[in-house]
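Have a look at the structure below before the remarks.
The values are calculated or read from the model by the stated rules, or taken from the named source; none is laboratory data. Keep in mind that what you see is a predicted model, and the values were worked out from it rather than measured. Neighbour counts run over all protein chains shown; Cβ positions are idealised from the backbone, glycine included. Quick note on the areas: whole protein, heavy atoms, side chains included, nothing else; ligands and nucleic acids left out. Shrake-Rupley method; radii C 1.70, N 1.55, O 1.52, S 1.80 Å.
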Amino acid sequence: MESNEGIEKRINEARKLGHVSSSEWQSYTWKNELSEQRRRIITHLGEALAEEETDYNPYHMLERAVGVAAICMRRLIECRLVTDRFCTTPLEVHEIMRKKDAEWREPFVSRTASGIYNNYDMTVRKLERVKPKTISDKMLHARVIGVLSGSDYLPDGLLVASDTQSKKQLFHFSPCEIAGIFDAFLEDKVRQVSDGYLDQDGQFLGTGKVFATRK
């Protein structure tokens, strides 16, 4: 049995380590920010489409808003602040495919969208279903951010693609469609949380691996 002196010594040593304060991840911080970036994207997309006179460049504001929104989406997923069902349920997106019969023209590094008409078939888009994390990843690593307007073939909207994605296709969102993607994140609510430890055989033992469910 440990002596009182030994116990006191351990307590004193523990005090020397200081104190770590923390909390649990919360969804409202990221959802509040995502809601704000949703508003900004719709606003600046509208300004770009209408060619409004503003004190700032709406394209610059749009690029920033897309990046910040993507970070919020990623954090909601990574911190398990949306339900497991939401994470595994694909969302509808439209894609514009790369031209099959054209030589690829690599965009200039300084441009957010160049070579579009050379590289992609801008006469049609197709409906796909993509998991939320894939959408957030592509937006976070966006190599292409552009605004399409005045097309006879496609609705006015936002073009987004990551560096690797852009060699195959672009995401194309009308204002309502991009708002719908953000709304899907904002409206999903976790009502049941479970965390614990699992061993190598999937039993509730050990401390090397955790399980987490969000319903």
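Name the pairs whose Cβ atoms lie under 6 Å apart, with the first residue in the stretch 87-106 and modelled with pLDDT of 95 or more, the second acidic (Asp, Glu), and 6 or more positions between them or separate chains?
Val93/Glu128; Glu95/Glu128; Met97/Asp121; Lys99/Asp121
Between a first residue in the stretch 67-78 that is free of Cβ contacts under 8 Å to residues at least 40 places away in the same chain and a second residue that is crowded, with 17+ Cβ neighbours inside 10 Å, which pairs have beta carbons less than 8 Å apart while being 6 or more apart in sequence or on different chains?
Listed by first residue and then by second, the contacts come to Val68/Gln37.
Taking only pairs six or more apart or across chains, which ones have beta-carbon atoms under 9 Å, a first residue in the stretch 140-168 that is farther than 16 Å from Glu51 by Cβ and without any contact (Cβ under 8 Å) to a residue 12 or more places away in the chain, and a second residue that is open to solvent by 10 Å² or more (accessible area, probe 1.4 Å) and of a type in the set (S, T, N, Q)?
Every condition considered, the pairs that remain are Asp152/Thr123.
Can you tell me which residue among Asp152, Asp156 is closer than 23 Å to Glu92 by Cα, touching a helix residue (DSSP H, G or I) at 6+ places or on another chain (Cβ under 8 Å), modelled with pLDDT of 95 or more and not basic (Lys, Arg)?
Asp156
Which of the residues belonging to the stretch 67-101 are of a type in the set (Gly, Ala, Ser) and in contact with a Phe, Trp or Tyr (Cβ under 9 Å, 6 or more places away or on another chain)?
Ala69
Residues that are open to solvent by 40 Å² or more (accessible area, probe 1.4 Å) and over 16 Å from Ile41 (Cα atoms): find the strands (runs of 3 or more DSSP E) completely inside the stretch 96-215 holding 2 or more of those.
So the answer is 126-130, 193-198, 209-214.
What single numbered condition from (1) farther than 24 Å from Trp30 by Cα; (2) at pLDDT 95 or above; (3) within 21 Å of the chain's Cα centre (by Cα) fails to hold for His141?
The failed condition is (1).
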